[in-house]
Amino acid sequence: MAATLNLSGLTDSDPGLNDQSASSRSSNRSLRIAERDRRKNEAEDPFALALKYFSDVEAGTPVIGNDQFENNLVLVETVAYSKGLPPEGISIMLEFAMSLRMGNSPCVRVLKCLIPATVVPQEAVVRAVVWLCVGKIPISSQVLFIKWVLTVFDLIDAKDQLRAIYGFIFNFVTEENLCPFICHLLYLLTRKESVQIFRVRKLLELQSKLGRQPFLLYLLSLYRVFCPELVTLSIPSRMRSGFRNHNSPWKSALIAVQKKNGSQVSPTISLPFMTNSRKRHRHLEIPKLCSVVNKPAQTEPSFSRKVVPFMQLNSFTELLENLHRIELPAQMGSLLASSMALHYLDCVQDESALLRLNFWLGYTLHEEFLFNSDGGASQDLDEAQQFLNKLLFTQDFLQEGFSATEAFLYKFLRVWDGSLLRPQILSLLSNIPVVPSLKIGRLLFEPLMQLFFTSSVFFKCGLIECLNNMLSKWLSWHTVYALEDDLDISLNSHTSINMTLSEFKDSVMELVHFVGRLASVGLQLESYHSLLLSFILDFYETVCDTFVKYELPLIVMPPAGVFYPALFATEPVSVDRLAYIMYRYKVNLTSAKLDIKQKMKASHISRQTFYEFNHYKAIMVNCLWNSKMSEPDMGLQLKEELLCKSNIPEYWKSFDLINHPAFMSCAIDFHRKCWPRKRNVDLNSIKLSRPWTWYLQYLYSQGYNGLKQFVSSM
Amino acid sequence: MFKFVSGFYCSIVNMERGHSSGVKTPPTRGVVQKSKNKTYQQSYRSCLRASSRFALTPALTARRLNTSRRAPRLHNITEKVRPEHLDILMKTEWKLAYVTPLYQFRHTQLQSYSRQLSEFIAAEKQQGLAVEVEGLQSSFRVSFSVVPGMTEADDDAETVLIQIHSKPMFARQDKPQKPVWSGWLTCINGNPDYLQSLPQDFICLPLFGSSGSEVLTRLVQSWFQQTFDCCFGCLEISETCLHWLAALWTNCHSESSIQRLKLIWTIPVKPVLQVTYTVNPQDAWDLWSDIRKEPGEENEGEDGRSVDIEEVTRFIQGLKNHFYKHFKLDLSAGPLQQVSTALGSAKYSGRIKISSSRYMITTLTLLTEGALLKMPI
């Protein structure tokens, strides 16, 4: 019997070579010549000759004293350890070893040097398994062989035929010594169709004999993934370390060879379970992916669509292929755990599924941060932080906030101290969708106001930044939605929250006014802290562009409490940014006006806004340019006598571009550069028309582009 | 002012070992109280309309404890519910929990749930041994059953009773299995707006009571979590709820004697002071009927006038005032921990015993409201 198999083995192990030559023959002439040269070289190559020896050697050839055999094997070993064996070499040597043509001792020696250079042909492995079934190989060699298969499993070029002989491989589980390794191999090969009730029974029977062995458990747990209706089990936490790595004999050699060859294929044996021994907070644990046990009863047998449980998908490609027939996991929360699942979550349309997710998320947040039933969140801040970061990542990924987060935040803001997990909470807060203007005060503003006025300047900055982000998200949402509506004939058919444009405008206006109030009082409280002012100006940079950038017919001017502190700020950056903001307001208002004229629509922008803008503009120009302080209707009124009392000469000039505290140093610098010989600095000399133009040019060259745009647009 | 100076008795106990536990006011209290002032969002309504699928601006309907409720009627529950079920429900003290709505729960599949849960328990109990589904008898037998009649409103889902029987490890073979754990899921007079807003796939049974070993409770809960994608959280009986129960039970005194009204406070001083305040039933009833009479209206119809939260507050305040007169100690300083009468007892920690079937529905209605309040959305 061995002889016949042997013969067929010879013819079978060649196709690799034949295929190669066949394909090259069909290609062009020069290749053919190259191929001929190569084959000629091969014929003279001692390694090729050695391989030929092993494929041709007669069964029963003695080993002891056989120098030819010894020399050839040493040659093969040298090649194997230095470069690795080519696929056909693997086929020949594996066939030689497993057929026991020269007994067991060369078999072990050959198996140990089977280091693949690139890939392992599947046929070779299948044939070796066939030899395993013949049953002549000593058990230690069998174990060695399976260990080798496990090591090179990822390098086997295809697995379909191996899966086809799943049943044969399964038979070996009853071999006590082979069982752990066979289980691992089966674990790597198992597909849904391989899970059968008789196999489950066999494994359970083994379990009753061998006790709770990890390898049986892992295989069974995989069976459970595919067929939860056949088997139930729970894996104890201390056992969750996966199969032991059985690749030691080849590992280092394989890595060395692979490194030398610069090969991309890494022999990583996929470990079934992640080691996660750290104790987790009960509430913050994201549930494990599990398939549904109770399938909804199929009412119509004709409609028995084949579904694929999400857990069985291993790659993004598989996800794409099965996108239309994926079965949701038993616990929706588990989707948050993997990034692939997030891709899927983005396409989930099932409302119940999203509601399940929201229930879980809301429950988790409430229990952890509001009900604190297990002793308070403070103990495990790290985990809480990780959880919130994961949530933030998810929301950023989906570009939407969850409603459970929103509902949670409204409650949490009322008990928050403003410092616990501040970055996370503020980021979550900036994700909340548009709040109806009727509710916004009670839900958001009341608690935020309390927090704002009782916290440090850094919290104030953080909150303004958060509200700025919130506003820009609302505005972007509006642009997207408005664009969609242009395409859609039935207007308002899918507004996200059943909100009309005017309601949306009300909400935005409420928010902007709210920030205006916070900013005015906050600046006073913090004595015009420049960092806070900078965050506030950030906010108004968003506000001033609502019409042009976001196409929202709404323009809100900053309150005097923000305008004057920015105008009289001591840092030139703030004044410059204010100038830029005023310039953008002008652009927006002009285009709004144009829009009204073109479309013959009623004005959306109130006259009050235009008035306010002109008023601010006049003040700015007067202050910075015309050196005039008191205008009849300037927002702040100081009595002439009072100003005179201050004993500041020519006080009305104090805030022009030369004497403004923010620009004085620039003016002096300029003065030095302009008249380097002049010893006493007379800033008024800049006021003359020529130096004035130069001075302006000098300011622009210092990077004050806001001023430049403001001045050129006036 | 109140004429019931006679016959009350009061004990003040210094809790020796309660130093830490007593001083610490439960962290949840502030939040729970707050939640009552604040309206809740009920967001799934808009969820169904939303094109934005994760974010939904809530419909913002107010959800809070009812401020007035019908006085407990003599329920003919004995006609509706089988006596053996009532026995089970009344026999023990239950530990309460709230449950988010169950996804794909079917009252018709209780048989198969029984099987699955018993296998689950068996697998969990002997961690690391797989168990064949539909295999041999496990040591735990679980039975799910419907309690017919245990509903009030049309939207309420039928109450489900779960019992676990087991045999002690070293018991003789022929000994019958003994009940080791029981629990139920119910919804009595649940807020119809809330219930109707849920999609069809969900069954809302927000109130979960269990009695038996903690380990089994956790196993049952985690099986529910994995099978119906729901979550279980502790349900405390809030102070307001305890006040309600005290008043509602007292209100029944004329029909069925409450024997005593016992209230326990803990006062946060060092060492912690536990105040047990036992009121003679007749005195309590007199105080209550005084308060009830004050608006000057007579009973409207058979059902009796509904009880208002203000009456309840005044009742409790009356009791506290009386205590203050004698002991110069204001009981408002500490949280109310427990209320008990012959009709039942309730503890802040979320344990309740209902001793009279006649007032079961009223009590469960109140508790269902409390459970719905805890829902995350």
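The values are calculated or read from the model by the stated rules, or taken from the named source; none is laboratory data. None of the values given here were measured: they were computed from a predicted structure. Ideal geometry is used to build each Cβ from the backbone, glycine not excepted, and the neighbour counts take in all protein chains shown. SASA here: full protein model, heavy atoms, side chains in, ligands and nucleic acids out. Shrake-Rupley method; radii C 1.70, N 1.55, O 1.52, S 1.80 Å.
Overview of results
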{"quantity": "Residue count for the range A:501-516, restricted to those that are open to solvent by 60 Å² or more (accessible area, probe 1.4 Å) and either modelled with pLDDT of 85 or more or away from chain B (no Cβ under 11 Å) (or both)", "calculated": "6"}
{"quantity": "Residue match in the range A:164-181 (condition: touching a strand residue (DSSP E or B) at 6+ places or on another chain (Cβ under 8 Å) and of a type in the set (Val, Ile, Thr))", "calculated": "no"}
{"quantity": "Of residues in the range B:98-115 being within 14 Å of B:Ala157 (Cα to Cα) and of a type in the set (S, T, N, Q), the one nearest to the other protein chains (Cβ to nearest Cβ)", "calculated": "B:Thr100"}
{"quantity": "Search result, residues across the range B:82-121 that are at pLDDT 90 or above, of a type in the set (D, E, K, R) and within 21 Å of the chain's Cα centre (by Cα)", "calculated": "B:Glu93, B:Lys95"}
{"quantity": "Matching residues in the range A:125-156 - criterion: being open to solvent by less than 30 Å² (accessible area, probe 1.4 Å) and under 36 Å from the mean Cα position of the chain (by Cα)", "calculated": "A:Val149, A:Leu150, A:Thr151, A:Val152, A:Phe153, A:Leu155, A:Ile156"}
{"quantity": "Any hit, the range B:148-161, residues being modelled with pLDDT of 80 or more, within 14 Å of another protein chain (Cβ to nearest Cβ) and not in a loop (DSSP other than H, G, I, E, B)", "calculated": "no"}
{"quantity": "Residue selected from the range A:642-663 under the condition in a helix (DSSP H, G or I) and in contact (Cβ under 8 Å) with a residue 12 or more places away in the chain, by the criterion farthest from the chain's Cα centre (by Cα)", "calculated": "A:Leu643"}
{"quantity": "Matching residues in the range A:328-354 - criterion: being open to solvent by 10 Å² or more (accessible area, probe 1.4 Å) and either more than 8 Å from chain B (Cβ to nearest Cβ) or part of a helix (DSSP H, G or I) (or both)", "calculated": "A:Leu328, A:Ala337, A:Ser338, A:Ser339, A:Met340, A:His343, A:Tyr344, A:Asp346, A:Cys347, A:Asp350, A:Glu351"}
{"quantity": "Leading residue by the ranking (least open to solvent (accessible area, probe 1.4 Å)) among those in the range A:641-684 that are small (Gly, Ala, Ser) and modelled with pLDDT under 85", "calculated": "A:Ser654"}
{"quantity": "Test for A:Tyr564: is it open to solvent by 40 Å² or more (accessible area, probe 1.4 Å) and part of a helix (DSSP H, G or I)", "calculated": "no"}
{"quantity": "Checklist (1) within 14 Å of chain A (Cβ to nearest Cβ); (2) more than 25 Å from B:Pro192 (Cβ to Cβ); (3) buried (at least 24 other Cβ atoms within 10 Å of the Cβ) applied to B:Ser349, failing item", "calculated": "(3)"}
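Yes or no, residue by residue, for (1) in contact with a Cys (Cβ under 8 Å, 6 or more places away or on another chain); (2) small (Gly, Ala, Ser); (3) under 30 Å from A:Ser701 (Cα atoms):
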{"position": "A:Cys544", "(1), (2), (3)": "no, no, yes"}
{"position": "A:Val562", "(1), (2), (3)": "no, no, yes"}
{"position": "A:Thr570", "(1), (2), (3)": "no, no, yes"}
{"position": "A:Ser574", "(1), (2), (3)": "no, yes, yes"}
{"position": "A:Tyr583", "(1), (2), (3)": "no, no, yes"}
{"position": "A:Val587", "(1), (2), (3)": "no, no, yes"}
{"position": "A:His604", "(1), (2), (3)": "no, no, no"}
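Residue-wise test of (1) free of Cβ contacts under 8 Å to residues at least 12 places away in the same chain; (2) β-branched (Val, Ile, Thr); (3) surrounded by 17 or more Cβ atoms within 10 Å (Cβ to Cβ).
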residue: A:Arg356; (1), (2), (3): no, no, yes
residue: A:Asp382; (1), (2), (3): yes, no, no
residue: A:Leu391; (1), (2), (3): no, no, yes
residue: A:Thr394; (1), (2), (3): no, yes, yes
residue: A:Gln399; (1), (2), (3): yes, no, no
residue: A:Pro433; (1), (2), (3): no, no, yes
